[in-house]
Amino acid sequence: MNTLTLNVTGMSCMGCVNSVKNLVGALPGIAGIEIDLASGKVEIQHDPALSDADAIRAAIEDGGYGIAN
């Protein structure tokens, strides 16, 4: 398992947090998701053979959220 940490923009409430969890959680190989709404920090434990970092980023962005560098 790998851990990917992203700074996600556009989350303003717990509904947004749940939305991001659902977007990422729908991907194969996701073992865990931790989100801190205040900072926008999202930590994702994933199997890179099933869902790589690019697929995770794309799922979040396709859901209408941004990823800050």
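The values are calculated or read from the model by the stated rules, or taken from the named source; none is laboratory data. What you see is a predicted model; the values in this text were computed from it and never measured. Cβ: placed from backbone, ideal geometry, glycine included. Neighbour counts: every protein chain shown. Note: areas computed on protein heavy atoms with side chains; ligands, DNA, RNA excluded. Shrake-Rupley method; radii C 1.70, N 1.55, O 1.52, S 1.80 Å.
Quick notes
- Evaluation of Ile67 against (1) open to solvent by less than 30 Å² (accessible area, probe 1.4 Å); (2) of a type in the set (A, V, I, L, M); (3) not in a helix (DSSP H, G or I) (one fails), failing number: (1)
- Flag if Ile33 is touching a strand residue (DSSP E or B) at 6+ places or on another chain (Cβ under 8 Å), in contact (Cβ under 8 Å) with a residue 24 or more places away in the chain and among the hydrophobic types (A, V, I, L, M, F, W, C): no
- Scanning segment 9-56 for residues that are part of a helix (DSSP H, G or I), over 20 Å from Asn69 (Cβ atoms) and either of a type outside the set (A, V, I, L, M, F, W, C) or open to solvent by 70 Å² or more (accessible area, probe 1.4 Å) (or both) gives Met14, Gly15, Asn18, Ser19, Lys21, Asn22, Gly25.
- Residue within segment 1-8 that is modelled with pLDDT under 95 and surrounded by fewer than 12 Cβ atoms within 10 Å (Cβ to Cβ) present: yes
- Pairs, first of a type in the set (Ser, Thr, Tyr) in segment 1-20, second modelled with pLDDT under 95 and not in a strand (DSSP E or B), C-beta under 9 Å, six or more apart: none
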